Amino acid sequence: MLYSPPVSVRICGPVVCIDPITKALANGVAKDEQRSLESSQGKQRLKLIGTPTSPYVRKVRIVLAEKKIDYDWIVETPWQPGNALSSLNPLGKIPILQFDDGATLFDSRVIVDYLDAVAPNNRLIPTTNRDRIQVKRWEALADGVCDAASSALLEGRRPDGERSESWIARQRGKVATAVAAMSADLGDHTWCHGNGMTLADVAVGCALGYLSFRFADIDWRPAYPNLARLADKLAQRPSFADTVPRE
Ligand SMILES: N[C@@H](CCC(=O)N[C@@H](CS)C(=O)NCC(=O)O)C(=O)O
């Protein structure tokens, strides 16, 4: 089904419920988005489809939590034969965000971009182009760590005779250089970009969490104390603590 933009999402925090239309107007969202919010037919109940092990799903769950957006989480693994994911995402990958009318959004970068635009409370992606691109660059780097690491993991699970050790080494090499680059780019700064937490930190936190979860032999903490400091700070947030990867 083609994506038809929903008009509003339900934003509920533990203490207050924020009306998304009022909030959007107060935060000065773009005029066309205002119009779409104003033509509201009602509030959307979002479904997120994914697993508790996927770092991309975790990134979306953290953004949903940080923005206090209510949703139903449907656990579905792409590795289960006969799963229905390809009817929701032709690529058969998670995460998938599904709206009341059945329309879907993928992948994680598109979903978080969408969520940050329709629920402008607790902005995670800066609105100025220069800052926005830097945050998206961080996200690409961190997601790239997950891409390379998961490729190495899956290759390592192939049967003897089918497994390529050179492919695993290639992907592990990408992980190593990308983590070193993240550390160099973070330097002495508290956050990856700017003076507060952004999607850059969320994506980096998910990538580092995925390495700790799946690759006990990749000892990134002592090698990169600045990344360890960032990961420890993020781990104190309920959005991170509640989404620690698990089987
Ligand atoms: N770039 C995608 C990557 C999503 C992805 O690779 N998800 C994995 C799970 S961690 C998946 O669904 N793999 C199934 C497959 O490749 O068939 C995103 O950010 O959403």
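A short reminder: the numbers here are calculations on the coordinates, not readings from a lab. In this text the structure is predicted, and so the values were computed from the model without any measurement. All Cβ positions, glycine included, derive from the backbone under ideal geometry; neighbour counts span all protein chains shown.
Summary table
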| read-out | value |
| --- | --- |
| Candidate set from the stretch 117-148 (those that are away from the ligand (no atom under 16 Å from the Cβ), part of a loop (DSSP other than H, G, I, E, B) and in contact with a helix residue (DSSP H, G or I) (Cβ under 8 Å, 6 or more places away or on another chain)); member that is nearest to TRP167 (Cα to Cα) | PRO126 |
| Members of the stretch 86-111 that are more than 10 Å from the ligand (Cβ to nearest atom), on the phi < 0 side of the Ramachandran plot, assigned to a loop (DSSP other than H, G, I, E, B) and surrounded by fewer than 17 Cβ atoms within 10 Å (Cβ to Cβ) | PRO90, ASP100, ASP101, ALA103 |
| Hits in the stretch 48-81 - residues which are more than 10 Å from the ligand (Cβ to nearest atom) and among the basic types (Lys, Arg) | ARG61, LYS67, LYS68 |
| Which numbered condition VAL204 fails, given (1) farther than 25 Å from LYS93 by Cβ; (2) in a helix (DSSP H, G or I); (3) under 20 Å from the mean Cα position of the chain (by Cα) | (1) |
| The stretch 210-237: number of residues that are closer than 18 Å to ALA180 by Cβ and part of a helix (DSSP H, G or I) | 14 |
| Output for the stretch 160-188, where each listed residue is surrounded by 15 or more Cβ atoms within 10 Å (Cβ to Cβ) and farther than 16 Å from SER150 by Cα | MET182, SER183, ASP185, LEU186 |
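To keep it simple, each residue is scored yes or no on (1) touching a residue at least 24 places away in the same chain (Cβ under 8 Å); (2) within 16 Å of the chain's Cα centre (by Cα); (3) under 24 Å from LYS233 (Cβ atoms).
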{"residue": "ILE94", "(1), (2), (3)": "yes, yes, no"}
{"residue": "VAL112", "(1), (2), (3)": "yes, yes, yes"}
{"residue": "CYS146", "(1), (2), (3)": "yes, yes, yes"}
{"residue": "VAL175", "(1), (2), (3)": "yes, no, yes"}
{"residue": "ASP185", "(1), (2), (3)": "yes, no, yes"}
{"residue": "TRP191", "(1), (2), (3)": "yes, no, yes"}
